[in-house]
Each structure stands twice: as structure tokens, then as C-alpha cells.
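The structure appears below as C-alpha cells.
Please treat every number below as a calculation from the coordinates, not as lab data. For clarity, every value in this text was computed on a predicted model and none was experimentally measured. With ideal geometry, Cβ positions are generated from the backbone for all residues, glycine too; neighbour counts draw on all protein chains shown.
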Amino acid sequence: MNRVVLSTYKVLSKAKLSIPVARFSATTSITSTSNQTSAPSVCDIMIKLTFVDPSGARRQVPGLIGKSLYEISEMHGIDLGPCSLGGQVQAVRSDTWIEPLYGEGPTTGYDHVLLVGNGVETASPITNVERKLLDQYWDEDEIFPESRLASQIILTKAMDGMTVYVPDRLVDDIP
């Protein structure tokens, strides 16, 4: 096992700041035990998503587990329209308990996407509010069983390799 000895605080001459400095002892040994846990690597928290725009162009982007699909698309410059500005309407806590989160949830249906491929089944089930907003904002022939609002999809590790189809945007800039 590596032994790390923390020295007393080293004082920087110009800034007069104190910071801890780590020193390794001269005799270090590396042992491996199966009980040790390591910090997650980047591979553990990143997934690959493929966005397909209305013209059919594909773009593969990395995504962070725990972020919403809308946040990832915004980080990579993929325009989905205005965000629905809300969190989930309900949180599934167990098989028998669904907690209502009052005052939260989607408020618009602009960020419509179609989810296909890996991990789609791990997405939270579509809520009544989300379904109603899709029906309000989109025509019946534009809504499919795979239709969801991007702001309501929280990424999981199982979604690695998922394909996200982005339909033509609704006009949202008319005064």
C-alpha cells in the first residue's frame, strides 16, 4: 500500500498562502486487494449518443450520465428549440411508491425527440403531462411511441449508443 505523508503547510513567498503539500515516503509498496474501490473513470460516467437531424445527418456526441438529453444537446450545439424548463413531474422511489413533485415538470412541447436503440427502456416512463404537451404542440402524424421531450430524459449508462432523432423544429420565434 502506498504511504503518503502530508507535510505541514508550505508558505508561498509572494502570495503568503498556505497549501498542503504531499510527499511520498522513500519506501512505498504497492499491494492489490479485491476490497479496494477506485474512483470512477471518465468511461464510467460518459456515454455516446448519436443525434440524427431532419436532413438525415448523423452526429455522435459524448454525454454525461445524470444529465438531461436537452442539456447534452445544448452543450454540443444541437438545437432542439426552447427547453421545457422543468424537472420530472414524479419520481419513482420503489415498485410501490411514486412521489409527486408538485409544481415541477415540463411546460412546453418544443423539445420533442424520438429515442431509438440502447437504453430506451431505462428512460423514465412518459407522464400524462408530457403526453398532453406532445399532443398540444405536435400533429398526430408527428408523434410516435418513441416520442419524448428531451428535457425529461435523464441519461443512464444503459443508454450508451442510443440514437436520438430530431424532427423539424416548430416555429417558436413569432412575436
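How would segment 44-165 be classified by its alpha-carbon gyration tensor: rounded, prolate or oblate, with rounded meaning a/c under 1.5 and the a/b versus b/c comparison settling the rest? Verdict is oblate for segment 44-165. Multiplying the residue separation of A91 and K67 by 0.36 nm and removing their Cα-Cα distance gives an extension gain of 7.1 nm. Among 153-166, 124-137, the peptide with the highest mean count of other Cβ atoms within 10 Å heads the list, and the full ranking is 153-166, 124-137.
If R0 is 41 Å, the Cβ-Cβ spacing of D135 and M46 corresponds to a FRET efficiency of close to 0.75.
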